[in-house]
Amino acid sequence: MLWRLYVALFYGFLFAPLVVVGVFAFNASLFPSPPWKGFTLDWFIGRPFGKSGVLLDPDMLGAVLTSIWVAIPVAALSVGVGTANAFLLERRTFWGKSFLSVAMLWPLVIPGVILGISILAFASLMANGLEDALDVELDFMRPGLPLVILGQASFIVSIATLIVGARLRKFDKSLEEAALDLGASSGRVFRTVLMPFLKPALIGAFLIAFLMSFENFNTTLMLVGSDSPLPIYMYGQMREGATPAINAISLMLVLATGLLAGGATLISNRRR
């Protein structure tokens, strides 16, 4: 009986705020909070009180697209570098390996604001020095989406490394040795033996990296330029006075994230 109560309290604590946000996305009020004024879909597809619903607001839709265009390269870069890191840490022995394994985790425990400020200061220093030396403009090292991508990847790559490394650690090396003994080249062994085994981890790492990038706020706030990803846009809206449209886009993101995670789990289970 106690464990059931614990489970109910735990998941209630997790999901009660999300339920409240979802419910008040349909509130016929100008404010995203109680009291309840009636049911409406206008905050999705209408223009209540002279305000635009989510699907009719070009600025909000533009912020969603900006977040997607940031998250895709961040996820791809994180998985690529993370896979290389996993092979290095799991397949090679070298001096300082233990220290580097721990140092890789430092960006995860550093506050996002501090990480963002550090990256911004370093990039500005490098840009100023290179521009003086080469007499060229290095806009990608100034606040903007390229710097946001590099800044987010600097800590998300650690997560990808851990996911791929954990999967690689379970690989039976005798399969690889058997393939080599049968005459397969190293490249073919990698493509036909290792990659199919690592594929679930690569897909999982990509999805997690995508979601972490999409929702990142602290580091992004320090590095963003004129094009604001969705979390930065929502923060600006909250400061100016939010409407239930914020609840509506939040509900859509929760549902999309749940479907994405559920689909990935289903695909992974079927492949197993």
| query | Which of the helices (runs of 4 or more DSSP H) contained wholly in the range 142-213 include at least 3 residues that are touching a Ser or Thr at 6+ places or on another chain (Cβ under 7 Å)? | reply | 145-169
| said: Restricting to the range 143-192, count the residues that are surrounded by 15 or more Cβ atoms within 10 Å (Cβ to Cβ) and farther than 29 Å from Leu105 by Cα. | reply: 4
| Filtered residues of the range 38-97 (kept if under 25 Å from Val23 (Cα atoms), of a type in the set (Val, Ile, Thr) and either in a helix (DSSP H, G or I) or touching a strand residue (DSSP E or B) at 6+ places or on another chain (Cβ under 6 Å) (or both)) | Ile45, Val54, Val64
| said: Looking at Ile68 and the list (1) loosely packed, with under 15 Cβ neighbours inside 10 Å; (2) without any contact (Cβ under 8 Å) to a residue 40 or more places away in the chain, which single condition is not satisfied? | reply: (2)
| request: Just give me the residues in the range 214-242 being assigned to a helix (DSSP H, G or I) and of a type in the set (A, V, I, L, M), in sequence order. | output: Leu221, Met222, Leu223, Leu230, Ile232, Met234, Met238
| message | Looking only at the range 115-138, how many residues end up being more than 25 Å from Leu105 (Cβ to Cβ) and either basic (Lys, Arg) or in contact with a helix residue (DSSP H, G or I) (Cβ under 6 Å, 6 or more places away or on another chain) (or both)? | response | 2
| query | Can you name every residue in the range 1-27 that is surrounded by fewer than 10 Cβ atoms within 10 Å (Cβ to Cβ) and either basic (Lys, Arg) or over 30 Å from Trp43 (Cβ atoms) (or both)? | reply | Met1, Leu2, Trp3, Arg4, Leu5
| request: Restrict the check to the range 248-255 and report whether at least one residue is surrounded by fewer than 20 Cβ atoms within 10 Å (Cβ to Cβ), part of a helix (DSSP H, G or I), of a type in the set (A, V, I, L, M) and not assigned by TED's automatic domain parsing to the domain that holds Pro34. | output: no
| Any hit, the range 219-226, residues being under 28 Å from Pro35 (Cα atoms), in contact (Cβ under 8 Å) with a residue 24 or more places away in the chain and hydrophobic (A, V, I, L, M, F, W, C) | no
| Within the range 183-233, restricting attention to residues that are of a type in the set (Ser, Thr, Tyr) and more than 25 Å from Leu145 (Cβ to Cβ), which residue is farthest from the chain's Cα centre (by Cα)? | Ser185
| field | In the range 246-272, residue modelled with the highest pLDDT [restricted to those that are out of contact with any helix residue (DSSP H, G or I) (no Cβ under 9 Å at 6 or more places or on another chain) and among the aliphatic types (A, V, I, L, M)] | value | Ala256
| request: Determine, yes or no, whether Pro244 is in contact with a strand residue (DSSP E or B) (Cβ under 7 Å, 6 or more places away or on another chain) and more than 18 Å from Trp69 (Cα to Cα). | output: yes
| message | For the structure I just gave you, tell me whether Leu194 is more than 27 Å from Thr220 (Cβ to Cβ) and without any contact (Cβ under 8 Å) to a residue 12 or more places away in the chain. | response | no
| query | So which of Leu108, Leu130, Leu120, Leu182 ends up being out of contact with any Pro (no Cβ under 9 Å at 6 or more places or on another chain) and under 21 Å from Leu77 (Cα atoms)? | reply | Leu108
| message | So, in the range 106-156, exactly how many residues are touching a residue at least 24 places away in the same chain (Cβ under 8 Å) and either more than 16 Å from Thr219 (Cα to Cα) or among the small types (Gly, Ala, Ser) (or both)? | response | 7
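The values are calculated or read from the model by the stated rules, or taken from the named source; none is laboratory data. From a predicted model like this one, the values you see are computed outputs, not experimental measurements. Cβ: placed from backbone, ideal geometry, glycine included. Neighbour counts: every protein chain shown.
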